[in-house]
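Note sheet for the following structure.
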Amino acid sequence: MKRMLVLPLAGLAGLAVLLSGVPAKEEKLKPEDLVARHLAALGSAEARARVMTRTVAGTTTFTVRLGGHGLGDGSANILSDRKRTRIGLRYTAIEYPGEQLAFDGERISAGFVQPGQRSPLSQFVYHHDVMMREGLLGGALNAAWALLGVADRRPKLASTGLKKIEGERLYELRYRSRRGEADLQISLYFEPETFRHVLTQYRLTQPSGMPPAPGLTGPRDAFHTLVEQFGDFREVDGLTLPHSYKLAYTIEGPRSTYLAWWSISEMKILHNLNLEDSYFAVQ
């Protein structure tokens, strides 16, 4: 993208309104055409095939704006091969050591910020493991990136044309795993000029349940929105990969709102290093 969207400035309705989009009048692309153009933008088939593993290392910051407090910086890494992923964010704060998420090809594991307690972000990803199981989380930084394995995963894809998001027109591709998670709405967004993947939105509506008695109004539903942003694209080993990554997670509940974001920058990306099996399980 020409610039990274500044999600927190969009306000509390922000993420839902920001990404609701206004369809443009341009002709829609078929899902298979959109995927093909994205893969071509990523790199040649030969360059993509050469990558067996990917190691990403960088610096990270986090900020909690609502529903808590905290900010800090630290180190980050994303380790992946064609089936497995490990995302680690490490901070020096005692009350918030960071995030540790891993998928070993069969199951997801997630670290705790306190004994027996996961962070809101880890809790959300852990309970909706399609994000890591399908290679979605991390986008093209992930060697198991979902769109590299469409033929094997056979997700249900829907191309809905161009959407206008904070002044930027982006192609939207809706993604649904054939293994369930129908309640989690997943949308991938691509630049129309380059077909680079620059944004993913995961949105979940959590029903509040029945009212306490007939004639009374029950509590409002809760809305969970996780947004990934990618920018600063550069070439590495014949592939055009993002070198900046931002996550924003919002919970709009009946009584409170939580808003936090994380960023990774100053990335160094290496391919085909040996990755031990133990890396893909959080102990």
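Quick notes on this structure:
- Classified by the C-alpha gyration tensor, the stretch 35-115 has a prolate form. Its axis ratio a/c, with a ≥ b ≥ c, is 1.5 or above, and a/b is larger than b/c.
- Placing unit charges on the Cβ atoms of the charged side chains and taking the dipole of the chain about its Cα centre, the candidate lying farthest along the positive direction among Pro242, Pro207, Thr60 is Pro207.
- Ranked by the mean number of other Cβ atoms within 10 Å of their residues, highest first, the peptides 145-157, 92-104 come out as 92-104, 145-157.
- Summed residue charge, Cβ within 10 Å of Thr225's Cβ, Lys/Arg positive, Asp/Glu negative: 0
- Report summary: the helix-based calculation at 222 nm, which adds -39500 (n - 2.57) for every DSSP H run with n ≥ 4 and divides by the residues of the chain, gives -3500 deg cm²/dmol.
- Net charge in the neighbourhood of Ala140 (other residues with Cβ under 11 Å of its Cβ; Lys, Arg +1, Asp, Glu -1) is +2.
- Between the alpha-carbon centres of the stretch 250-283 and the stretch 112-158 there is a gap of 10 Å.
- Going from the fewest other Cβ atoms within 10 Å to the most, the residues His38, His69 appear in the order His69, His38.
- Identified option (computed Cα extents along the principal axes in Å; candidates [x] 63, 50, 34; [y] 58, 47, 32; [z] 89, 36, 33): [x]
- In order through the stretch 60-70: 3J(HN,Hα) via Karplus (6.51 cos²θ - 1.76 cosθ + 1.60), integer Hz, x for Gly, Pro: 9, 10, 9, 9, 9, 9, 9, x, x, 8, x
- Rounded to the nearest 20 debye, the dipole magnitude of the chain is 460 debye, with +1 charges on Lys and Arg beta carbons, -1 on Asp and Glu beta carbons, and the Cα centre as origin.
- When the Cα positions of Pro192, Ala222, Leu273 are compared along the charge dipole of the stretch 121-273, Ala222 comes out farthest toward the positive end, with charges on each C-beta of Lys, Arg, Asp and Glu.
- Cut-off 11 Å, label 7 Å out along Cα→Cβ of Gln206, residues of the stretch 84-125 by amide N: 120-121, 123-125
- A Förster radius of 51 Å combined with the Cβ-Cβ distance from Arg50 to Asp221 puts the calculated FRET efficiency at roughly 0.65.
- Cβ-derived FRET efficiency at R0 35 Å, Leu273 paired with Lys164, nearest 0.05: 0.30
No value in this document is a laboratory result; all are computed from the given coordinates. Predicted model only: the values in this text are computed from it and were never measured. Positions of Cβ are generated from backbone atoms using ideal geometry, with glycine treated the same way; all protein chains shown enter the neighbour counts.
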